[in-house]
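K.L.:
Dumping the structure here so I can ask a few things about it.
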Amino acid sequence: MKPMIYITQRLPEEAIASLRESYEIRMWEDEMEAAPREEIMKHIGEAAALWTMLSVKVDREMFEAAPNLKIVSNLAVGFNNIDLDAAREHGVMVTNTPEVLTETTADLSFALLLATARRLVEAERTVHSGEWKSWTPLGLTGQDVYGATLGIIGMGRIGEAVCRRAVGFSMDVLYHNRTRRNLEGATYAELDELLEKSDFVLMLAPLTDETRGMIGERELGLMKETACLINVGRGGTVDEDALYRALKEGGIWAAGMDVFETEPLPLDNPLLTLPNFTALPHIGSAGEKTRHKMMAMNAEAIDEGLKGNQVKNRVC
């Protein structure tokens, strides 16, 4: 019998074609949503490989139900959805898709910064709704980006790529990171200093025990009233209740987020009632070429892992 690969969400045929000859492929056929947990549990006991999405929680219970599992390959650079301790205990390797999405996510980060600063989504809605009647001196005025100060929290590959884009806008770049970096064009700052000085604060930090909720009421209170908070890292790093109050009460000027504590973002989330809040559906890496490269990395890792060869991009 061929080893079985279970895929938790429908992928294009070209992404999995190279695996079909050697492996049995079972795949949840919904492209828009990942398989429900109970559906994954029906198959996990037979699976040699699990090809999963960031939205699927691969926890200890799942590893315990998977005696044949050799590898979990995550279609994301992040892996906070996977219990790595349980993976190690059960001898299961975990892989992700780093580097390939760096430039695409940096593009989205800067695009969201610009859209938030210049109220692009709000302005676009006035055209579609017929509210646009004439040019007005202060109509839909936003915050200038050129020459502003950008504070980046979480200076990894994506942060460095954003820095390169900021150069073209003559921005002063501050950064806060767990470890200091030797970077040209960016200056290290303690978190409080970064928050106080930045016109734009860009969150790119991974979600860990240390970063969970790191931007809360106190931190938002340190920011300028004209500042914008942008989050393209992980949703849990920002206290959304505190952010709502800061936006509602004028503590900060605006926010743009591509990631949230709960995804999809519930329609009753109060942030969605605010005109100074721009929300995107977690599309940081959603360049067509980039997503296909990510899938190819997953497929290669699964194939090499099941063949007992050295595997690239191992998390554990």
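The values are calculated or read from the model by the stated rules, or taken from the named source; none is laboratory data. Source: prediction; values computed, not measured. Methodologically, a virtual Cβ is constructed for each residue, glycine included, from the backbone with ideal geometry; neighbour enumeration extends over all protein chains shown.
K.L.:
Count, please, the residues in region 41-77 that happen to be surrounded by fewer than 19 Cβ atoms within 10 Å (Cβ to Cβ) and of a type in the set (G, A, S).
P.N.:
3
K.L.:
Working carefully through the options E39, E29, E14, find the one that is over 21 Å from the mean Cα position of the chain (by Cα), more than 24 Å from N309 (Cα to Cα), not assigned by TED's automatic domain parsing to the domain that holds G233 and not in a loop (DSSP other than H, G, I, E, B). Explain how you work it out, then say what you get.
P.N.:
Values: E29 fails: not in a loop (DSSP other than H, G, I, E, B); E14 fails: more than 24 Å from N309 (Cα to Cα).
On inspection, the qualifying residue turns out to be E39.
K.L.:
Something else now. Only one of these conditions is not met by R118: (1) farther than 17 Å from V232 by Cβ; (2) in contact with a helix residue (DSSP H, G or I) (Cβ under 9 Å, 6 or more places away or on another chain); (3) not β-branched (V, I, T). Which number is it?
P.N.:
Answer for R118: the failing condition is (2).
K.L.:
Can you tell me which of (1) surrounded by fewer than 18 Cβ atoms within 10 Å (Cβ to Cβ); (2) touching a Ser or Thr at 6+ places or on another chain (Cβ under 8 Å) is the one T104 doesn't meet?
P.N.:
Status for T104: all satisfied but (1).
K.L.:
Being closer than 13 Å to C316 by Cα, over 24 Å from the mean Cα position of the chain (by Cα) and either surrounded by fewer than 16 Cβ atoms within 10 Å (Cβ to Cβ) or not basic (K, R) (or both) is the requirement here; does G91 meet it?
P.N.:
Details: closer than 13 Å to C316 by Cα: yes; over 24 Å from the mean Cα position of the chain (by Cα): yes; either surrounded by fewer than 16 Cβ atoms within 10 Å (Cβ to Cβ) or not basic (K, R) (or both): yes.
For G91, the condition - closer than 13 Å to C316 by Cα, over 24 Å from the mean Cα position of the chain (by Cα) and either surrounded by fewer than 16 Cβ atoms within 10 Å (Cβ to Cβ) or not basic (K, R) (or both) - is met.
K.L.:
So which strands (runs of 3 or more DSSP E) are wholly in region 43-113 and hold at least 2 residues that are out of contact with any Leu (no Cβ under 9 Å at 6 or more places or on another chain)? So that I can check it myself, show each step before the final result.
P.N.:
Numbers: elements: 47-52, 71-74, 93-95.
Those strands (runs of 3 or more DSSP E) span 93-95.
K.L.:
Still on this model: Could you please let me know if E261 is among the acidic types (D, E) and within 30 Å of I71 (Cβ to Cβ)?
P.N.:
Details: among the acidic types (D, E): yes; within 30 Å of I71 (Cβ to Cβ): yes.
Judged against the criteria, E261 is a match.
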